[in-house]
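Trainee: Please find one structure pasted underneath; my questions will follow.
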Amino acid sequence: MSRIGYKTVTVPAGVEIKQDGNMVTVKGPKGELTREFSDQISMKIEGDVVSFDRSADDYKTKSLHGTTRANFNNMVIGVTEGYKKQLELRGVGYRAQMKGKTLVLNVGYSNPVEIAEEEGISVEVPSNTEITVSGIDKEVVGDAAARIRAVRGPEPYKGKGIRYVGEFVARKEGKTGK
């Protein structure tokens, strides 16, 4: 059984929290995030410590308890430190480049794939085989990185494709391997 909902969140200096009913706004040095939480979970702000309590002990409310605390903690970390996902391209001729606010990927298709940079994230290309997606909202950063990876996911025979840095791709033998 998860006990994450019972853990308190310590708010660092320089972070403001505003609660208006179910709407919670967290403002910090990197930006501002707003999210609506369930009315079944109550939030208590006592100085620089925030705790969460649930109204009932049914399965759904227990699930919301831990999720609410984790989402709030992600908001606090996002406005103070931010989030970053790194991707790498593997394959002969595979490369990435930025043209203004558009990411252009050459990953083995007949035409380059263009992906527009979304609001709330920044995409950087430190080298032609590395992509860095960063922002303050963990959900948006992870979603954008997953969409980029989905253009050409890593394949199991040669390992070519777009993958997260440090991701393990299980390799298979070809038909000649016995």
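Computed from the coordinates by the stated procedures, all read-outs in this text should not be read as laboratory data. Small disclaimer: the values here were computed from a predicted structure and weren't measured. Here Cβ is always computed from backbone atoms with ideal geometry, including for glycine, and neighbour counts include all displayed protein chains.
Trainee: Can you tell me the equivalent ellipsoid semi-axes for the range 1-149? Use √(5λ) from the Cα gyration tensor, largest first, whole Å. Please list the in-between numbers first.
Mentor: Working: eigenvalues 281, 57, 29 Å².
In descending order the semi-axes read 37, 17, 12 Å.
Trainee: Using DSSP loop states and a limit of at most 16 other Cβ atoms within 10 Å to flag GluC sites (Glu not before Pro), what is the longest stretch of the chain containing no flagged site?
Mentor: Values: sites that count: Glu81, Glu117, Glu118, Glu119, Glu167, Glu173.
Longest site-free region, per DSSP loop and neighbour criteria: 1-80.
Trainee: Straight-line reach from Lys160: which lysines fall under 16 Å, measuring Cα to Cα and dropping same-chain residues less than 8 apart?
Mentor: Correct list for Lys160: Lys172.
Trainee: Taking the Cα atoms only, what angle lies between the long axis of helix 138-149 and the longest principal axis of the chain, rounded to 10 degrees?
Mentor: 10 degrees
Trainee: Could you name the aspartates and glutamates in cross-link range of Lys18, using Cα to Cα under 19 Å and dropping any fewer than eight places away on the same chain?
Mentor: Filter leaves Glu32, Glu36, Asp39, Glu46, Asp48, Asp53, Asp137.
Trainee: May I ask you to list the aspartates and glutamates whose Cα is less than 18 Å away from that of Lys99, ignoring any residue fewer than eight positions away on the same chain?
Mentor: Within the straight-line limit of under 18 Å, Lys99 reaches these aspartates and glutamates: Glu114, Glu117, Glu118, Glu119, Glu124, Glu130.
Trainee: Can you tell me the orientation of helix 59-80 relative to the chain, as the angle in degrees between its alpha-carbon axis and the longest Cα principal axis, to the nearest 10?
Mentor: Taking Cα atoms only, the helix is inclined about 70 degrees.
Trainee: What does the extension gain come out to for Val15 and Arg95, with contour length at 0.36 nm per residue minus their alpha carbon separation? Display every interim value, and only then the final one.
Mentor: Details: separation 80, 0.36 × 80 = 28.80 nm, distance 3.92 nm.
Between Val15 and Arg95, full extension yields an extra 24.9 nm.
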